[in-house]
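Student: What follows is a structure written as structure tokens; I'll ask about it next.
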Amino acid sequence: MAEADLALAERVANVRSRAGLDVARILVILGLGLVLFFLILPTLIVVPMSVGTASYISFPPEGFTLRWYIAYFRDPSWMSATWFSLRIAGVTTLAATVIGTLAAIALVRGRLPGKELLQAFTIAPLVVPHIVIAVAFYLTFAPLGLTGNFYGFAIAHTMLAVPYVVITVGAALQRFDPALELAALNCGATRLQAFFHVVLPNILPGVAAGAVFAFLASFDEATVAFFISGIEGKTITRKMFEDIDFNLTPVIAAVSTVLTLISLTLMGTIEIARRRSGAGSDH
Amino acid sequence: MPESSLAQPRIHGSPSSAGRYGTMTSLVLVSPLILLLGIAFAYPVGRLLWNSVFAPEPTLAHYTRIVAEPLYLVVLWRTFQIAFIVTVLAFLFGYPVAYAMARIPGRRAMLIAACVLVPLWTSILVRTYAWIVLLQRNGIVNTVLQETGLTETPLQLLYTQGAVILAMTHVLLPFMVLPIYSTLRNIPDDLAKAARNLGAGAPQAFIRITLPLSLPGAAAGTLITFILALGFYITPALVGGPRTLMMSTLIAQQTTELLDWPFAGALSAVLLTSTLLLAALYRRALSFSKGFSNG
């Protein structure tokens, strides 16, 4: 008798705790859904805003028009800012990739005094707040006439982008087996030949990823660009900042959609390549 | 084939062994980077800090001003307060997302990963702009609030501290999720299962097994979020107002409007010191978590 009671009590307790678990489960899934919605909403919202017909920002947007995109492509000030940003990002990508790859080789494979300190120095531009870098750069480079012009931006953005290249190429080099290079040297290749025929092809995915990071680090960079832009030399991010602050039109939504498409395409390509190559499991 | 069984390689040019590059070669390779960082980063930042103490003559007046004037103390306090609240919110929102990303299999995990990575890859300006659209007077949030009858007149949401906290939490959330995710992924699910087999309930298994093991990632995510929140400029500048002045927006104001470079230098020094101290902590948290995944 007593045993049956116990079994019954256990079953009741089980059912109760399971019902409690189900409620908890639903609450957790609901909460998770809300957070994911919170994360993705701002990126998604600019797309409908950019094709609505109203000339002020309203929601839900009515109608469908490409007028804001046309306005963006026809406006000389938006176009010159876009080209300025693209030129800077192009040069930054090239310079940061070359400088960063060379340094990564030395930092991973070379003999260097004070290597730890050098590595910390290399990633310092990522740690120091960009507002401090921006103000400091302006203080030193404005008197030299290097603000509001292409060369000043090329220097500043290469400095900001190069840590990303060192980190990505460094990681690729650490995965690369040095015995392969030794084998090439053993077969009579020179250091340079071994590098271009054996090392570089193996770390190329890392170098390419570093180059994309460098491009976006420059193209999307807003804080330093805000301080060292001029009336003539103005990046797309500085132009956006001004328009958001003073002149909130749907053209900004159109520009935002274009920028987002560029970023997502570039980063998505890297992510897919990374998953394909199996480097994503980093074991 | 073990390396020792290879014949001693005859290497042309460089005298280094074992495939490593000699000191001279290494120095040549790393010198463009040192030159670039020296000229464009270390020298300007050093000069800004130097100015705060020695321009025009040696003085600590700019530093005592930060502590002596209530306005600046309030800004300093507010900066840490906002960074703290943002970090706590990011942890509360971010941990469950990281957990789901690490434990849910297949397509749904991809969907969650996309929800984390897509905003991370979207320009900060675009995300800040989206929050302005959402929070403005005739914006979406106010429309929803009015239509559901929660409020009659539109609320002032933009340019408030709440708006700054909300937008910053959104922008920084992926930096919290990713480090936690990477430690959770390295914890075998079997550990929690073993605890369940030994009679622990699901909450108990989580609190006593999974949560403690994921602490290194949580520490790294928390510190990186806090560091980024302290020095954040774009979002507080656009979403905040005069009453939500933070360290970064105050530094900008001192340089662009008041042209007080020494004082901006002193403020930068305070911000920089706080950041570097936290970064040193971060390195420790990181080596801690590395120790875990290797052993």
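Student: Amide H neighbours of A:Gly110 under 5 Å, at least 5 residues apart or on other chains, H built in the peptide plane: list them.
Tutor: B:Tyr21
Student: Ok, one more. Given the stretch B:85-219, report the % of alpha carbon pairs whose separation exceeds 17 Å. The partial results should precede the final answer.
Tutor: Details: 6058 of 9045 pairs.
Result for the distance tail: 67 percent.
Student: Name the most mobile residue of B:Val53, B:Val164, B:Val30, meaning the one with the largest mean-square fluctuation, in a Gaussian network model of chain B with Cα contacts below 10 Å.
Tutor: B:Val30
Student: While we're here: Could you tell me which of B:Asn142, B:Trp261, B:Leu33 has its Cα farthest along the dipole of chain B towards the positive end, charges placed at Cβ (Lys, Arg +1; Asp, Glu -1), taken about the Cα centre?
Tutor: The Cα lying farthest towards the positive end belongs to B:Leu33.
Student: While we're here: Kindly put B:His62, A:His197, A:His157, B:His170 in sequence by how many other C-beta atoms sit within 10 Å of each C-beta, fewest to most. Show your work: numbers first, answer last.
Tutor: Working: B:His62 20, A:His197 12, A:His157 29, B:His170 23.
Ordered from fewest to most neighbouring Cβ atoms within 10 Å, B:His62, A:His197, A:His157, B:His170 come out as A:His197, B:His62, B:His170, A:His157.
Student: Still on this structure: Determine, at each q value in 0.09, 0.17, 0.18, 0.19 (inverse angstroms), the log₁₀ of I(q)/I(0) that the Debye formula gives when each Cα of the stretch B:11-150 is one equal point scatterer.
Tutor: Debye curve over Cα of the stretch B:11-150, log10 I(q)/I(0) at q = 0.09, 0.17, 0.18, 0.19 Å⁻¹: -0.73, -1.11, -1.13, -1.17.
Student: Still on this structure, please answer the following. If the elastic network links every pair of Cα atoms under 10 Å, which of A:Ser55, A:Ser229, A:Ser218 fluctuates the most in the Gaussian network model of chain A?
Tutor: Of A:Ser55, A:Ser229, A:Ser218, the Gaussian network model singles out A:Ser55 as fluctuating most.
Student: Let me ask another. How big is the charge dipole of the stretch A:164-265 about its Cα centre, in debye rounded to the nearest 20, if each Lys and Arg gets +1 on its Cβ and each Asp and Glu gets -1 on its Cβ?
Tutor: Values: 5 positive and 8 negative charges, 52 e Å.
The dipole magnitude comes to about 240 debye.
Student: Could you please tell me the mean projected area of the C-alpha convex hull for chain B, averaged over all directions and given in square nanometres to one decimal?
Tutor: Numbers: hull surface 101.7 nm².
Spelled out: convex hull of the Cα atoms, projected over all directions, averaged, 25.4 nm².
Student: On the Cα set of the stretch A:153-201, report Rg and Dmax in Å, please.
Tutor: 14.6, 45
Student: By count of other Cβ within 10 Å, fewest leading, how are B:Met24, B:Met168, B:Met176, B:Met101 ordered?
Tutor: On the way: B:Met24 13, B:Met168 28, B:Met176 31, B:Met101 23.
With the fewest neighbours first, B:Met24, B:Met168, B:Met176, B:Met101 line up as B:Met24, B:Met101, B:Met168, B:Met176.
Student: Post the alpha-carbon centroid distance, the stretch B:97-167 to the stretch A:216-280, in whole angstrom.
Tutor: One Cα centre to the other: 19 Å.
Student: Also: Regarding chain A, what's the average projected area of the Cα-atom convex hull, expressed in nm²? Walk me through the numbers on the way to the answer.
Tutor: Working: hull surface 105.1 nm².
Answer in nm², one decimal: 26.3.
Student: Now, a different point. As I understand it, the dipole of the protein assembly as shown uses +1 on the Cβ of Lys and Arg and -1 on the Cβ of Asp and Glu, about the Cα centre. Which of A:Tyr151, B:Pro242, A:Leu118 lies farthest toward its positive end?
Tutor: A:Leu118
Student: Taking the Cα centre as origin and putting +1 on Lys and Arg beta-carbons and -1 on Asp and Glu beta-carbons, what dipole magnitude results for chain A, to the nearest 20 debye? Write down the numbers at each step before the final one.
Tutor: Values: 18 positive and 17 negative charges, 117 e Å.
Charge dipole, chain A, about its Cα centre: 560 debye, nearest 20.
Student: What does the charge dipole of chain B about its Cα centre add up to, to the nearest 20 debye, if the Cβ of each Lys and Arg holds +1 and the Cβ of each Asp and Glu holds -1? Walk me through the numbers before you get to the answer.
Tutor: Details: 18 positive and 9 negative charges, 182 e Å.
The dipole magnitude comes to about 880 debye.
Student: How large is the translational diffusion coefficient of the protein assembly as shown in µm² per second when you combine the Kirkwood radius over alpha carbon pairs with Stokes-Einstein at 20 °C and 1.002 mPa s?
Tutor: Details: Rh = 26.4 Å.
Using the Kirkwood radius from Cα pairs, D works out to 81 µm²/s.
Student: Output the DSSP H helices from chain A with an along-axis C-alpha extent of no less than 24 Å and a mean Kyte-Doolittle hydropathy no less than 1.0.
Tutor: Going by DSSP H runs, the hits are A:2-51, A:76-109, A:150-175, A:200-219, A:250-277.
Student: Right, next: Which listed residue (B:Thr275, B:Gly221, B:Met110) has the Cα farthest towards the positive end of the charge dipole for the protein assembly as shown, taking +1 on Lys and Arg C-beta and -1 on Asp and Glu C-beta about the Cα centre?
Tutor: Going by the Cα projections, it comes out as B:Met110.
Student: Right, next: How much mean residue ellipticity at 222 nm does the protein assembly as shown get from its helices, if each DSSP H run of length 4 or more adds -39500 (n - 2.57) and you divide by all residues, to the nearest 500 deg cm²/dmol? Write out the running numbers ahead of the final one.
Tutor: Numbers: 26 runs with 430 residues, N = 578.
The helix-only estimate for the protein assembly as shown comes to -25000 deg cm²/dmol at 222 nm.
Student: Of all alpha-carbon pairs in the stretch A:29-141, indicate the percentage at a distance above 19 angstrom.
Tutor: Numbers: 4689 of 6328 pairs.
Across the stretch A:29-141, Cα pairs with separations above 19 Å total 74 percent.
Each reported figure results from applying straightforward, stated rules to the coordinates on display, with no laboratory input. Everything numeric in this text was worked out from a predicted model, so none of it was measured. Every residue, glycine as well, gets a Cβ built from its backbone with ideal geometry; the counts of neighbours run over all protein chains shown.
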